[in-house]
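Let me begin by presenting the structure, written as C-alpha cells, before commenting on it.
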Amino acid sequence: MSFLSSVVNPISPSQTTIVGVSKLWSLVGGVADIALLASVVGILFSAALMAIGHHSGNGQTADKGRKGLLSAIVATIIIGGAAAIINFGFNVGSGF
C-alpha cells in the first residue's frame, strides 16, 4: 500500500485550475437555495393538507399529508447535508 501511495498523486479539489468554476459553485449554491425553498413550501403545504384531512375526517388526505411532510423533511435533510455527504465520500475514496 505504501508503494501505491508513493506512485499515485493525491487528488485535491481546486477552484482555480478550470475557468468558470467559481460561477459553477455559485450556480450550485443557487440551486441548493431554490431546493431548500421548495422543501419548505412542501413542508407547509403537507402540514396544511394533513390538518385539513384530520379536521374533515378524511383519513386518506391526512395520510397523504403525512407522507408529503415526511418526504419534504427528508429532502431538507439531504439538501442541507449534501456537502457533508460528498466530503465524506471524497475522504473515504482518498483514504482519509
Problem set entry | Whole-Hz ³J(HN,Hα) from phi, Karplus 6.51 cos²θ - 1.76 cosθ + 1.60, for the stretch 34-45, glycine and proline x | 5, 5, 5, 5, 5, 6, 5, 4, x, 5, 5, 5
Exercise. For the pair residue 28 and residue 91, how long in nm is the line joining their label points, each one 7 Å along Cα→Cβ?
Worked result: 1.7 nm
For this session: Could you compute the FRET efficiency for residue 63 and residue 17, with r as their C-beta to C-beta distance and R0 at 41 Å, rounded to 0.05?
Result: 0.20
Problem set entry | Prolate/oblate/rounded label for the stretch 10-95 (Cα gyration tensor, a/c 1.5) | oblate
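None of the figures in this text is laboratory data; all of them are computed from the coordinates on show. These numbers were taken from a predicted model, which means no experiment stands behind them. As a convention, Cβ positions derive from the backbone with ideal geometry for all residues, glycine included, and neighbour counts pool all protein chains shown.
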